[in-house]
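The values are calculated or read from the model by the stated rules, or taken from the named source; none is laboratory data. Nothing here was measured: the structure is a model prediction, and the numbers come from that model. Neighbour counts are summed over all protein chains in view; Cβ atoms, including those assigned to glycine, are modelled from backbone coordinates with ideal geometry.
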Amino acid sequence: MANTFVKIASATVGSGGVASVTFSSIPQTFTDLKILFSLRSPIDFLAMNINSVTTGYTARLLQGNGAAASSYQQVQPWHANMTNNNSFTANVFSNGEIYIPNYTSGTFKSYSADSVVENNASTAYITIGAWLFSNTAAITSLMFDTQTAVNISQFSSITLYGIKKN
Amino acid sequence: MATTYEPIATQTANGSSSFHDFSSIPATYTDLVIIIGGSVGDSGPFLRFNSDSSALYSHTRLFGNGTSAGSGRFLRGAGAPNDTRMEIGLGSLSEIVTNIYHIMNYADTTTHKTILCRGSQAGVNGAYLAAGLYGSTNAISAIRLGNTNSNPYSSGTVMTLYGIKAA
């Protein structure tokens, strides 16, 4: 049987960091996409732009910080506390997963994005998000950055997988 | 390399069926994963295993709707219909959702079954996690997907069952 959970592309950030990581020309032959990431940056924002589109994003998020749980709404393609920043324990990276079902469909795209930001202190974060990209285009590219002029740090990694239903 | 994450079956809703069944599930995997992308037609999406409507289902859920965080629980013994099916996941009449279910050790005949759910619905209900327990030692060979009011899933909603092998 053909492989049905396939690595499409992967990026590991080198010395000096990078402004963004982009997966382009995503094959349209899978059913769903799964992105796994391990990230660090001087700032804790993480943005994912789909097809270079910067509008049409909405989200509802649930976050715990070790003291309380809270919930937020978002209308931009980014959220805070998804990446370990430089004020957190050194050499510790966030871990997360984004799952996009039916990414080639001609409907709006519902996807989930989860992240854990660990820290050897009283504050750390777990974030789960429900996202909607109100755009009917098939997803052909994904771009990750910090939504600022700050780089993603060296040794961060992002991997894109494709999952086939048959 | 042997394939260890395999699609077992997939269905695309036609907009008129109240239920969607996966049956004759092979017992050759370790865990099952169900991915639902689309509209599940109503709130209260549920799974029922092996056509079993006994009071054997319970779960704990955590959710954030963009305004507040909350938690809830259905106990066994809470009374029908709450404990006669695994009512976990997010849904509404027409909004697109992503519901991902992990059914651990589904073919084991010595333990009860744990189900993990991750739900996403950006429009209203938000982000959702749940852990459920099906209090039966029977291997799971069939799964029915439905919702509270038996409304049909929207046409084009895709439901796929995957098997994961430990080795």
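Before moving on, here are some points about what is shown:
The rows are residues; the columns are (1) free of Cβ contacts under 8 Å to residues at least 24 places away in the same chain; (2) within 14 Å of chain B (Cβ to nearest Cβ); (3) of a type in the set (S, T, N, Q).
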| position | (1), (2), (3) |
| --- | --- |
| A:Tyr103 | no, yes, no |
| A:Asn119 | no, no, yes |
| A:Tyr125 | no, yes, no |
| A:Ala137 | no, no, no |
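- Strands (runs of 3 or more DSSP E) contained in segment B:22-132 and holding at least 1 residues aromatic (Phe, Trp, Tyr): B:46-49, B:57-64, B:69-74, B:97-103
- A:Ala130 vs. criteria within 14 Å of another protein chain (Cβ to nearest Cβ), in contact (Cβ under 8 Å) with a residue 40 or more places away in the chain, of a type in the set (Gly, Ala, Ser) and farther than 21 Å from A:Ser10 by Cα: yes
- Selection of first residues in segment A:41-68 that are more than 14 Å from chain B (Cβ to nearest Cβ) and over 22 Å from A:Asn85 (Cβ atoms) and of second residues that are at pLDDT below 95 and crowded, with 17+ Cβ neighbours inside 10 Å, restricted to Cβ pairs under 7 Å at least 6 apart or on distinct chains, gives the following pairs, ordered by first then second residue: A:Thr54/A:Pro77.
- Members of segment A:1-56 found to be touching a Ser or Thr at 6+ places or on another chain (Cβ under 9 Å), closer than 16 Å to A:Ser141 by Cα and among the hydroxyl-bearing types (Ser, Thr, Tyr), listed by number: A:Ser10, A:Ser20, A:Thr22, A:Ser24, A:Ser25, A:Thr29, A:Thr31, A:Ser52, A:Thr55
- Qualifying strands (runs of 3 or more DSSP E) (wholly inside segment A:23-121; at least 2 residues being in contact with a strand residue (DSSP E or B) (Cβ under 6 Å, 6 or more places away or on another chain) and surrounded by 22 or more Cβ atoms within 10 Å (Cβ to Cβ)): A:32-39, A:46-50, A:57-64, A:94-100, A:109-117
- Test for A:Phe144: is it of a type in the set (Phe, Trp, Tyr), part of a strand (DSSP E or B) and away from chain B (no Cβ under 14 Å): yes
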